[in-house]
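For reference, the structure discussed in these notes is given below.
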Amino acid sequence: MKNKSFYIENYGCQMNISDSDIVTSILSNHGFVLSENVDKADIILLNACSIREKAELAIKKKLEQLKFFRKKKKIWIGIIGCFSKQIKNFLLKEKIVDFFVNPDSYREIPNFIYYSIMGKQYFYDKKKKNETYADINFVKRKQNDQKITTFLSITRGCNNMCTFCIVPFTRGRERSRDPYSIIEECKRLYHNGYKEITLLGQNVDSYLWIEENRTVDFSQLLDFLAREIPFMRIRFSTSNPHDMSDKVLKVISQHKNICKHIHLPVQSGSNKILKLMNRKYTREKYLFLVKKIKNIIPGCSISHDIMTGFCNEKEEDHQDTISLMNKIKYNYGYMFSYSPRPGTYAYRKLKDNVPENIKKRRLKEIIDLQRKHSFYRMQEHLGNVEEVLVEGESKKNNQYWYGRNTQNIVVVFPKKNLNIGDLAHVEITNATSATLIGKH
């Protein structure tokens, strides 16, 4: 099967991007060749996401396109990643997909492909509860790849059981990766030219490695990494407000190479809705945590996830979210309306009883308000000289570089005696609600 080419298309979160790197490494080690062009690939893998309905609809649309492509060329199609039983059953009936591989079975992907090519089915139902892929080394997708930032999963799965979320059912229970393998992998990535790593997990703050009489928690892991690779930028995502500790905040404040940005999903500003979601914090505890972050890490940016239109959400609950946003004035966020996910507690036990037109109206109000807050926060940078990691050319103007500052905000500035991967000190002269503009 050597020289068979494969193409991966990602849907959903950063975790899927990291998983695609794992799959690429596994297949490359088995003689398969990565194709950057879907038209030239023999095997097409769609890395699915069932967190929101929108991603599932996008996958269905892509598969409709591949139906016609299949008439011109013999291809094999696989679904990997977070897919629900319902979407799997639907696609099996449609007879579009050749195989399905869940996140704990990526090591078996070569076998799924081999059997599909032979016209057979490969059955593998084992679930490796402790699978972290710690021994899988990331490989660059292209020899001349200039990418200098990447993702690394440190935990897999989730134990929180939020009532709206399907992740515990698609990715399993939470488990943490060996800290020594994380440190060695980050060192290897740095020596291979990477300048920034984002540590990933559904809830990175609950990272906990236990070995005999020794434990390593997330604050210790961050401290180890910052000391071992002092010239590499470190980010992390996602944090659960319930699990974020003062120890983590203090470690961030002590190391220049740990970026000063925290993604802190709130979902709702209403205590009633938070309880229905099984989020293990209150509005008051969340606001107190934000205050601590600002006190311990001055200048730290905070972003959010907000879901509107959850079951039983009344207008006063929506206004609670609006008032929380006005108190915090987030730097940016990810906003969406609730869509029931089959298999979750909310799907089975709660009613999706907020009309679609009201969901859309509330979502628009949240997005409009965040846009104002983002612009307000961007103005705080005017006149500052900020350290920016050069990541590439600006998509809008090839005479400009783009990169991000420590707060994870995009900065663009004219090219001048710099290369991708350099750290530039940029004076901020202008801003939009999404981008800082400066000069070097």
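Looking across the stretch 23-52, the residues that are more than 26 Å from residue 344 (Cα to Cα) and either charged (D, E, K, R) or out of contact with any strand residue (DSSP E or B) (no Cβ under 8 Å at 6 or more places or on another chain) (or both) come down to 25, 26, 29, 30, 31, 36, 39, 40, 42. Going by what's in this entry, would residue 259 be described as surrounded by 15 or more Cβ atoms within 10 Å (Cβ to Cβ), farther than 19 Å from residue 21 by Cβ and either free of Cβ contacts under 8 Å to residues at least 12 places away in the same chain or hydrophobic (A, V, I, L, M, F, W, C) (or both)? Criteria met by residue 259. Of 409, 366, all but one fail to be within 30 Å of residue 161 (Cα to Cα) and β-branched (Val, Ile, Thr); the exception is 366.
In the stretch 364-388, which residues are more than 30 Å from residue 406 (Cβ to Cβ) and either among the β-branched types (Val, Ile, Thr) or in contact (Cβ under 8 Å) with a residue 40 or more places away in the chain (or both)? Once the filter is applied, which keeps residues that are more than 30 Å from residue 406 (Cβ to Cβ) and either among the β-branched types (Val, Ile, Thr) or in contact (Cβ under 8 Å) with a residue 40 or more places away in the chain (or both), the stretch 364-388 yields only 365. Scanning the stretch 287-308 for residues that are within 23 Å of the chain's Cα centre (by Cα) and closer than 19 Å to residue 277 by Cα yields 304, 305, 306, 307, 308. Candidates in the stretch 106-145 are the residues that are polar (S, T, N, Q) and either at pLDDT 85 or above or assigned by TED's automatic domain parsing to the domain that holds residue 174 (or both); of these, the one that is surrounded by the fewest Cβ atoms within 10 Å (Cβ to Cβ) is 121.
When the stretch 414-440 is limited to residues that are assigned to a loop (DSSP other than H, G, I, E, B) and closer than 19 Å to residue 380 by Cα, the one that is nearest to the chain's Cα centre (by Cα) turns out to be 434. Checked against (1) surrounded by 15 or more Cβ atoms within 10 Å (Cβ to Cβ); (2) farther than 24 Å from residue 280 by Cα, residue 230 passes all but condition (1). The residue pairs whose first member lies in the stretch 151-164 and is part of a strand (DSSP E or B), whose second member is aromatic (Phe, Trp, Tyr), and whose beta carbons are closer than 6 Å, counting only pairs six or more residues apart or on different chains, are 155/207. Among the helices (runs of 4 or more DSSP H) confined to the stretch 265-359, the ones with at least 2 residues that are in the same structural domain as residue 161 (by TED's automatic domain parsing) and among the hydroxyl-bearing types (Ser, Thr, Tyr) are located at 315-328, 345-349.
Of all residues in the stretch 210-227, those being buried (at least 21 other Cβ atoms within 10 Å of the Cβ) and either in a strand (DSSP E or B) or basic (Lys, Arg) (or both) number 0. Of the residues making up the stretch 171-188, just one is without any contact (Cβ under 8 Å) to a residue 24 or more places away in the chain and not hydroxyl-bearing (Ser, Thr, Tyr), namely 184.
The values are calculated or read from the model by the stated rules, or taken from the named source; none is laboratory data. Here the structure is a predicted model, which is why all the values come from computation and not from measurement. When we count neighbours, we look across all protein chains shown, and the Cβ atoms used for this are built from the backbone with ideal geometry, even at glycine.
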